[in-house]
Amino acid sequence: MIKGVIAAGAVSSASYLFRGTIQHVFASAPGSVERLITLNVNGQQRPVDVMKQETLAMTLRYKLGLTGTKIGCDRSECGACTVLIDDVPHYSCSILTHSTRGKKIQTIEGLAAADGTLHPVQQGVVEEQGFQCAFCMSGYIMATVGFLKVNPNPTRAELAHGISGNLCRCQDYEKILTAFMR
């Protein structure tokens, strides 16, 4: 309690000594970032309050309610959190939200058409029953969609290599590739 009183007194006297300049110093401090930002997610401008160390995966899931982006390993190893940023697949667990301002972010929730028609990759998964537990499915689908933007007609081997940054805990890789090749 005594330390709290002393600390409060120090802050109070510092604000008296520096008067209006102390807030100016904090506002322009190196490394400070704006907390209220607007993100372009699935074609919509979404305002969100984020901490400077917050990852895109955390922002999407817990602040914007887009829970299709899974957090598997939380260290860029499994690919369950894959989203497209400017049409390129990225692990959202390793990207700070602030670095995505001004970029186009697409999650699994924004992949289907406005009328509910599934993306062809999603439709292939449904028709081939491509996954067992489906925890990794959204990351795999987003990685595949991003890869197909670069190589729209891959061989099975090219597709396997193109999405090799994603892992399936069920080890159902043959079914996954068959669904995506469809």
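Note that segment 52-182 shows a convex hull volume over its alpha carbon atoms of 104 Å³ per residue. Full extension of the chain segment joining Y173 with T38 gains 44.9 nm, where the gain is 0.36 nm per residue of separation less the Cα-Cα distance. With R₀ fixed at 30 Å, the C-beta to C-beta distance from E127 to V88 puts the FRET efficiency at about 0.65. Full extension of the chain between A112 and D74 gives 11.1 nm of extra length, using 0.36 nm per residue less the Cα-Cα distance. Scanning residues 5 or more positions from L39 or on other chains, those with amide H under 5 Å from its amide H are R46, V48, with H placed 1.01 Å from N in the peptide plane.
Derived scalar couplings between HN and Hα for segment 98-109 equal 4, 6, 9, 4, x, 10, 8, 9, 10, 10, 4, 5 Hz in order, rounded to whole Hz, by the Karplus curve 6.51 cos²θ - 1.76 cosθ + 1.60 (θ = phi - 60°), x for Gly and Pro. Remark: spin-label model distance A157-K52 equals 4.9 nm, labels positioned 7 Å along the Cα→Cβ axis.
Computed from the coordinates by the stated procedures, all read-outs in this text should not be read as laboratory data. The shown structure was predicted, so the numbers you read here are calculated from the model rather than taken from an experiment. Ideal geometry is used to build each Cβ from the backbone, glycine not excepted, and the neighbour counts take in all protein chains shown.
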